[in-house]
Every structure is written in C-alpha cells, then in structure tokens.
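Notes to accompany the following structure.
The values are calculated or read from the model by the stated rules, or taken from the named source; none is laboratory data. For clarity, every value in this text was computed on a predicted model and none was experimentally measured. Using ideal geometry, Cβ is built from the backbone for each residue, glycine included, and neighbour counts are taken over all protein chains shown. Keep in mind that these areas ignore ligands, DNA and RNA; they rest on the heavy atoms of the full protein, side chains included. Shrake-Rupley method; radii C 1.70, N 1.55, O 1.52, S 1.80 Å.
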2 protein chains.
Amino acid sequence: MLAKSQIKLITSLHQKKFRVQHQLFVVEGIKGIQEFLNSHFELYQLFSTAAIFDVESTLISEQELHKISRLKTPNTAVALFKIPKDIPTAPTGLILALDDVRDPGNLGTIIRLCDWFGIKQLLCSKATVDCYNSKVVQATMGSLTRVNIQYLDLEAYLKTYAHAVFGTFMDGNTVYSESLPDQGVIVMGNEANGISEAIEKLVTKKLSIPRFGNLKVTESLNVATATAIILSEFKR
Amino acid sequence: MLAKSQIKLITSLHQKKFRVQHQLFVVEGIKGIQEFLNSHFELYQLFSTAAIFDVESTLISEQELHKISRLKTPNTAVALFKIPKDIPTAPTGLILALDDVRDPGNLGTIIRLCDWFGIKQLLCSKATVDCYNSKVVQATMGSLTRVNIQYLDLEAYLKTYAHAVFGTFMDGNTVYSESLPDQGVIVMGNEANGISEAIEKLVTKKLSIPRFGNLKVTESLNVATATAIILSEFKR
C-alpha cells in the first residue's frame, strides 16, 4: 500500500530539481533494478507487485504501479536509489567529455559505449542532460553502474588538463590515420551546434570521421554513432 | 482550408496498412520537405501555414496543422509524397541487410549511416520496421532520399547471393583484424534476438566487435552503434 506522500515523492523525481533536492532517482523493471542492487549504488526504497527481490520491499498493486511508473507497460517494480557522491576524476587513461549533449537517448547510448569500450570516466558539461533522468537510466541498461560520471565546468577542467584534448570537427584530420594515444580527453559536442567555441579553443587535436557518401550534402552523423566510431578507433 | 476527407487521409497514413493502400507517406517540417522536393521522390500534396515553397501548396491554419501533424510542436508544413516503386537491387558493392530491426529510431539512424558511408543499397527483411513510418522519416533527416531501400525475403535473397555474407556475433572473429572486401552483404540483426537462425546459416564470415570493458557482463551494443562501427571498419 502506497501513501500519498510516497506517490508524490516518486513522481516528483521525474523532474531534475526534485532529484537534486532529495538526492534520489528512479529505476524501473526487474532487470534494471537487479543491476543496480548488484552495484555500488545504495537502495532507498523498492516497490514491487511481486516478492522477487532479496531486499526489503513494499508490496504494491498493479494499479499503484501504474501510478508511479513512467513506462506505458510498467514491469513489476519501481525502485528509488540514492544519487552517489561525486568521485573525484582520475586524470589517467582515456576520458570522454560531453559538451552539452541534450538528448536522453543519446546520453544513454554513450554511457553504454563507455561501458563497452572500458572508458571509466565520463565528464559532462553542466548543460548536458542529467544522467539520472529516467529515460537515460532506462537507455543505459545498467551501464550507468559501471561508468563514473561527473558534471562540471568543462572549460575550467580542460584548462588545467595536462594531456591531449581531442574533438571531432568537419575540418579535422581523419581519425583513420591519426596516432591515437591511450591517455587524453575526447570531447563530443551538442546535437545541433557541435563543440562550443570556448571548448574548441582548448582542443589540441582536431579529428574528423571521413564521409564516403555524397560529399555535397552537409548532413552530420548523430552524436552517439560518431562517439561509437571514435571510441572504436581509439581502442582498436 | 482542409476537407474532412483530407484530414482523414493524412492521419490514416500513420498506419502502415494505409500507407501501403494509398502508396503515400508523410514528411513534416520545412527542411525535411525541401530535401524530398529536391530528390527523385514525387510530391502528392503539400499543406503549409506559410507560402514558402516553390511548388503548389494548400494554405492551412495553425489549428489545422496541429490536427494533421504527429509532432508536439509542428513545423509549418506537412507533405504527402508517393512511395517510390522498388528499384531492383544491384548486387555490386557493399550492401547492408537488416534482419528484423524493429525500432524506428534505430532504422532512421542506420539509414543516415548508409548515406554517410556511401552504402547505396539497404535490404530489409519483411519484419523490419517500415522505412516510411513517420518516426523513421523524421530520424533520417533526408538520408532516405539517397539510399535505395528494398523489403524482401532476406533468406531467399541470400541463398542466391554470390559473394561473402557478413554478420556480427558474440563468437565471431574480431572485425579489427579481418580483411574486409568492398563487395558483400553485411547483416545486422534484431534488437533483442540478434541474427535469426535461418539467416545465420547463410552467413559466410562471422564478425565481432571486441569488448574492452568488464568482460563478465553480457550487455550488447545497440544495433545502430554496432552498425556505425562495422561500416566504419569496412570503409576505413
């Protein structure tokens, strides 16, 4: 049985300001919740229509599940986890940095790519979409538990960063023939505007993904697919 | 001014059976419509709240635009284009084939990738999502006008195909060290189940994208990002 105040808390967490205020976020579905339970994330509350988890949970009705779920077809359970404290960024190895990526689906895909390619640290500019947004959490399929994500003033960070800073631009050198180190920051830009001017100034190596189709067309690659290709090139 | 029958026709086209029946599909927004007008696609009807196109159009009110648009914030115009007749597949060069890709966003992204990497021919199994689905059309950003897409019995096609057939599997040879020709079919599988058993039997070279993160986790890459990496490897 759910109290009104609980329903209010859970649904409020779909807005960033309430996630920040309560330092909580929502995970839905058995598989996703299980991945977070098996990780370093700390459970706050678990609501389920069936007793299938090894941890304390509140049994709720299907009707209550529909009230608190954001999914069209809710999957058994909704959990609240605590937002972890920032772990200071270790400036070693390859780091991916996002300069104002706004689409939750893109951020989710990029977090999965970091997990796949063993990128431990993801830096996000303050205007990048929140990684505890429910659409991002659903899209990451648990990868969120294995990548360290930090929101910060990206410009200030890069100003003090000692190694190479890579960025993708139309006029960069082809990523296929550049020598790519195993230390550095790779910056990916905003969906509509690419990398901002302030960050571009701090990029020390401009890269590009060559286009093989009709060269007269000014279309660009989606930021998530561009990230896939760039990370694959650094790691291959 | 829109007649009731026109509104009924346009909204019916959000369902595949009516697109097939009328052989028409919907394009929304100024930029998208302009790309289709500049292509080999044939316009059927154009509805716009402003006289901004060089072709015959019906002026409609904002209220009417909201009635016929599928977008939350409609952008000025909605156009109906004719679905082109199938162009027979030329079995030369690299061909991408999709074995039951179901998500419109994934198909849209994959069509953009074909356009970027100069893949002229995309083959889709009959259960693959319709490329004239409005979400696919919006996601392709005009790339749909530059890639030849054919729906067919993929198994029957591959049985008669003379060159190599590539597919991505967990146990394939790493794509980073395989010799990749400029002739062949590359098969990408369904989001949940990968490549079907029937198609797997027809694959002559199994590839895989190496995982660099935690190897104990059985997560897979999203089909669109996997396609990005595979096409990049074939073309680099």
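Listing for the model above:
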| quantity | calculated |
| --- | --- |
| GluC sites (Glu not before Pro) within segment A:1-94: DSSP coil, no more than 12 neighbouring Cβ in 10 Å | A:Glu42, A:Glu56 |
| Sum of -39500 (n - 2.57) over DSSP H runs of 4+, divided by residues of chain A (222 nm, nearest 500) | -8500 deg cm²/dmol |
| Axis-nearest residue in chain A [Cβ, rotation onto B], distance in whole Å | A:Ala228, 2 |
| Accessible carbon and sulfur surface of chain A relative to its total accessible area, %, 1.4 Å | 52 percent |
| DSSP-defined beta bridges in segment B:76-224 - what % are antiparallel, rounded to 5 | 5 percent |
| Reach of B:Lys206 by Cα under 19 Å, taken over lysines that are not fewer than 8 positions away in the same chain | B:Lys159, B:Lys235 |
| Additional length obtainable on full extension of the chain from B:Lys17 to B:Ala50, 0.36 nm per residue less Cα span | 8.8 nm |
| Ordering of B:190-196, B:123-129 by packing [mean C-beta count within 10 Å, highest first] | B:123-129, B:190-196 |
| Spatially proximal lysines relative to A:Lys8 (Cα-Cα < 26 Å; intrachain offsets below 8 disregarded) | A:Lys16, A:Lys17, A:Lys31, A:Lys67, A:Lys72, A:Lys82, A:Lys85, A:Lys135 |
| Pairwise centroid distance, computed over Cα atoms, of segment B:68-98 with segment A:1-69, Å | 41 Å |
| Peptide B:113-125 - average C-beta neighbours from other chains (10 Å radius) | 3 |
| Protection proxy ranking of A:96-108, A:222-234, B:167-179 - average other beta-carbon atoms within 10 Å, highest first | A:222-234, A:96-108, B:167-179 |
| DSSP beta bridge pairing in the protein assembly as shown, given as percent antiparallel to the nearest 5 | 30 percent |
| Per-copy distances of the A:Ser39 label point, shortest first, in nm (7 angstrom along Cα→Cβ) | 3.8 |
| Other-copy label distances relative to B:Gln150, 7 angstrom Cα-Cβ extension, nm | 5.4 |
| Choice from B:Val55, B:Val78, B:Val203 with maximal GNM fluctuation in chain B (Cα, 10 Å cutoff) | B:Val55 |
| Taking segment B:4-82 and dividing mean pair separation by its residue count, relative contact order in percent (alpha carbons under 8 Å, at least six apart) | 39 percent |
| Inter-chain Cβ neighbour average for residues B:167-176, partner chain, 10 Å | 1 |
| Distances in nm from B:Asn173 to the matching label points in the other copies, shortest first (labels 7 Å along Cα to Cβ) | 3.1 |
| Inter-chain shielding of B:199-210 (mean C-beta neighbours from other protein chains, 10 Å cut-off) | 1 |
| Cα centroid separation - segment A:102-148 against segment B:191-210, whole Å | 27 Å |
